[in-house]
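Asker: Okay, here's the structure, questions in a sec.
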């Protein structure tokens, strides 16, 4: 059995996990600890890179020690070390990557630099013994991406956002409505009391032949609606209508991707995948289409190190490693 210690520090979550697994066996998360910086950034209305990197530096050693304690594992028992090397904030990526490389070098163990998006993509299958062919929808604050997945490391990009990611649109609309940061959970909560048909917002590119997304027009439509109403609107109705438009776009494009590729499984991951209305709508659509929906456990939807450890485990078992001289890649694509 192989034991991986992984670090995730791509944005404002400091996370460490220890994952164990072997060929043909389901991975086991021995420990997963996360320090969320949301409260630190809330007063600024978004992530401040300098503040994020400083707090990664302050927290990371304690998190590594806690993960080892939770896992009942000594650092000398770790077979390989991994860290997110992109995409993300450069100053944040450097903290986790440097720490993992340092431990790997000190103990003469392999280092694996992992793509943050690959971690999300694989997370719905963390508890399984294999990653089956499927269509993956990654939807988070910084990314909205559709991928055709043949297996670990074998990916084909089907579509992505041409402007704002879905989670970014949630945050910006939440700010327009005067809701708390982050906007996604706040809009979901407000929407539960609203009418999703109250406002007829656009479903950009929904019926276009390609599989790309665009949410900037939807965001602008919300802004114009607020301006025309002088800011006097039903927040619940507007939140529900905006959320429904996003869901319709995501579900419609994902089902089309499944039809075009012939895949029978859809993997849903990323922080926005925690949205209950989105999960419910996609589950219903999959049920009607005879498809299986695979989702990550709630703890592994937002940024976490367990998904990075799982991706690293699969690569390590395939005989892969990364050079210690490998740099971070703030704009690293999945392909």
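Bear in mind that the values in this text are calculations on the coordinates, not laboratory data. Keep in mind that this is a model prediction, so the values were computed, not measured. Because the Cβ atoms are built from the backbone with ideal geometry, glycine has one as well, and the counts that use them run over all protein chains shown.
Asker: Computed on alpha carbon atoms, what radius of gyration and Dmax characterise the range 134-296, expressed in Å?
Answerer: Just the Cα atoms of the range 134-296 yield Rg and Dmax of 15.5, 51 Å.
Asker: Given the Cα-Cα distance of residue 163 and residue 288 and 0.36 nm per residue of separation, how much length would full extension add, in nm?
Answerer: Values: separation 125, 0.36 × 125 = 45.00 nm, distance 3.07 nm.
Extending this stretch completely gives an extra 41.9 nm.
Asker: Something else: Please compute the contact order of the range 156-200 in relative form: average sequence separation of alpha-carbon pairs under 8 Å and at least six residues apart, divided by the residue count, as a percent.
Answerer: On the way: 22 pairs, mean separation 10.4, N = 45.
Over the range 156-200, the number comes to 23 percent.
Asker: Please work out how much length the chain gains when fully extended from residue 2 to residue 331, using 0.36 nm per residue of separation minus the C-alpha to C-alpha distance, in nm with one decimal. Intermediate results must be reported in sequence, preceding the final value.
Answerer: On the way: separation 329, 0.36 × 329 = 118.44 nm, distance 3.00 nm.
Going from the current span to full extension adds 115.4 nm.
Asker: So, one more: Give me the distance in nm between label points sitting 7 Å out from Cα along the Cα-to-Cβ direction at residue 297 and residue 40, one decimal.
Answerer: Output for this residue pair reads 2.6 nm.
Asker: For the chain, what is the convex hull (Cα atoms) projected area averaged across all directions, in square nanometres?
Answerer: Values: hull surface 65.2 nm².
Computing the convex hull of the Cα atoms and averaging its projections yields 16.3 nm².
Asker: Please sort 58-66, 174-182, 135-143 by packing, taking for each peptide the average over its residues of neighbouring beta carbons within 10 angstrom, highest first. Don't jump to the answer; show the numbers that get you there.
Answerer: Values: 58-66: 16.0, 174-182: 17.9, 135-143: 26.0.
Ranking the peptides 58-66, 174-182, 135-143 by packing returns 135-143, 174-182, 58-66.
Asker: While we're here: The range 275-335 to the range 175-194: how many Å between their Cα centroids?
Answerer: The range 275-335 and the range 175-194 have Cα centres spaced 26 Å from each other.
Asker: Then there is this: So how much slack lies between residue 90 and residue 192, counting 0.36 nm per residue of separation and subtracting their Cα-Cα distance, in nm?
Answerer: Working it through step by step, the gained length comes to 33.0 nm.
Asker: I've got another one for you. Nearest 5 percent is fine: what portion of the DSSP beta bridges confined to the range 134-296 is antiparallel?
Answerer: Details: 12 of 21 bridges.
Looking only at bridges with both residues in the range 134-296, the antiparallel portion is about 55 percent.
Asker: Follow-up question, since we're still on this one. Taking the Kirkwood radius as the inverse of the mean 1/r across Cα pairs, report the Rg/Rh of the range 182-247.
Answerer: On the way: Rg = 12.2 Å, Rh = 12.3 Å.
Rounded to two decimals, Rg over Rh is 0.99.
Asker: Also, quick follow-up: Pop the C-beta distance of residue 127 and residue 235 into the FRET formula with R0 = 51 Å and round what comes out to the nearest 0.05. Don't skip to the answer; put the middle values down first.
Answerer: Working: r = 38 Å, r/R0 = 0.75.
Rounded to the nearest 0.05, the efficiency is 0.85.
Asker: Which value in nm describes the separation of the simple spin-label points at residue 200 and residue 65, placed 7 Å from the Cα toward the beta carbon?
Answerer: Taking the simple label geometry, residue 200 and residue 65 are separated by 6.2 nm.
Asker: Okay, moving on. Of all DSSP beta bridges located in the chain, what percent are antiparallel, nearest 5? Provide the component values of the computation, followed by the final result.
Answerer: Details: 28 of 46 bridges.
Bridges in the chain that DSSP calls antiparallel: roughly 60 percent.
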